[in-house]
1. Using the 10 angstrom Cβ neighbour count as an exposure proxy, how do Y194, Y107 rank, fewest first?
2. So which of K264/K296; K223/K296; K25/K65 end up more than 18 Å apart by C-alpha?
3. Among the aspartates and glutamates, select those whose C-alpha is under 18 Å from the C-alpha of K232, and discard any that sit fewer than 8 residues away in the same chain.
4. Gap in Å between the Cα centre of the stretch 164-192 and the Cα centre of the stretch 224-297?
5. Could you check which residue among D166, D137, D192 shows the biggest mean-square fluctuation in a GNM of the chain with a 10 Å Cα cutoff?
6. By a straight-distance test (C-alpha under 16 Å), which lysines pair with K153 as possible cross-link partners, with residues fewer than eight away in the same chain excluded?
7. Just want the ordering: S127, S276, S104, S241, from fewest to most Cβ atoms lying within 10 Å of their own Cβ.
8. Pairs of Cα atoms under 8 Å, at least six residues apart: use those to get the relative contact order of the stretch 97-172, whole percent.
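Please treat every number below as a calculation from the coordinates, not as lab data. On a predicted model such as this, the values are computed, not experimentally measured, just so you know. Reconstructed Cβ throughout: ideal geometry from the backbone, glycine too, with neighbour counts over all protein chains shown.
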Amino acid sequence: MFKGVLTPVITILDEQGKVDFEGNKMIINRLIDNGMNGLLFFGSIGEFFAISMEEKKEFIRFVVKTVDKRVPVLIGTGGTIQDEVIELTQFSEREGADGVVVVSPYYFKLDVETIYRYYANIARKTSLPIMLYNFPDRTAADLTPHLVLRLAKEFSNIVAIKDTVDNISHTRKLIQLVKAECPNFTILSGFDEYLIPNLMAGGDGVLCGLTNIVPEVFVGLLKAYRAKDFEKVVAANAKISILMKIYDITNPFIVGIKGAVALKGVPISTAVKEPSAAITQQQLNEIRDILAQADKV
């Protein structure tokens, strides 16, 4: 479940900061047409942290209807208020989503038992598949392999993890420990350049931001790996290595991803929710140069 190359989809906004439904429909269709294996809405790149509950509910109805079962729909329902996480998870289930992605609680550096209770409480309130989201750079706490194994063994609907740790050894340890007892548990990397290391370690793919920009490169890389076409693997990896520089152009990186999508010829607004700042012309020029470098590979 939820294997291959998946996209944490950017949320297209108009210049007033409201959801642009037509712009989002265009993005969704582009990603599906380019072969994505699943779409996550309200991930980090989807600005979940800056969008109200009512806006989220309206958008969830829209994306489930728009995707129309063509690929799995995942909804990011994590947050700091457990009751709201459960409410949005249950809403996603009623509306027909295929699963939820739940980031571990952030702000305080919580201990293992507290994080366990958080996920246990959510899992008991839904029958939807749950993907854990480990992003210790943002949450100040790590979902350790032993904690993940405990959750996977105790709750049949905790079925996957997105491991956003800039250290492939962490993901490898997850794969080795968890899959030994739960072989169907899905382990995805959250860093774009770890697709091949993830697969080689026995993992299941990536859920990463650059797929918004060049979905065809990631789909091609996965196909080349499966076909053992080493030359194509090297070429696609080289492109991705160059494109990784986009993450360093803006802070947060969300507006840089949107800018890159626009520079690829997709007619979208690059607006982001406050307090994030609009992209500057200098930043766009830097991203344009990175895209040109990647095109030469």
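1. Values: Y194 25, Y107 9.
Final ranking by Cβ density, sparse to dense: Y107, Y194.
2. Details: K264/K296 15 Å; K223/K296 21 Å; K25/K65 10 Å.
Table pairs above 18 Å Cα-Cα are K223/K296.
3. Cross-link targets: D192, E193, E216, D295.
4. So the separation of the two Cα centres works out to 26 Å.
5. D137
6. Result set, ordered by chain and number: K179.
7. Working: S127 10, S276 16, S104 22, S241 13.
The order, fewest Cβ neighbours first, is S127, S241, S276, S104.
8. Details: 103 pairs, mean separation 27.1, N = 76.
Averaging sequence separation for qualifying contacts and normalising by length gives 36 percent for the stretch 97-172.
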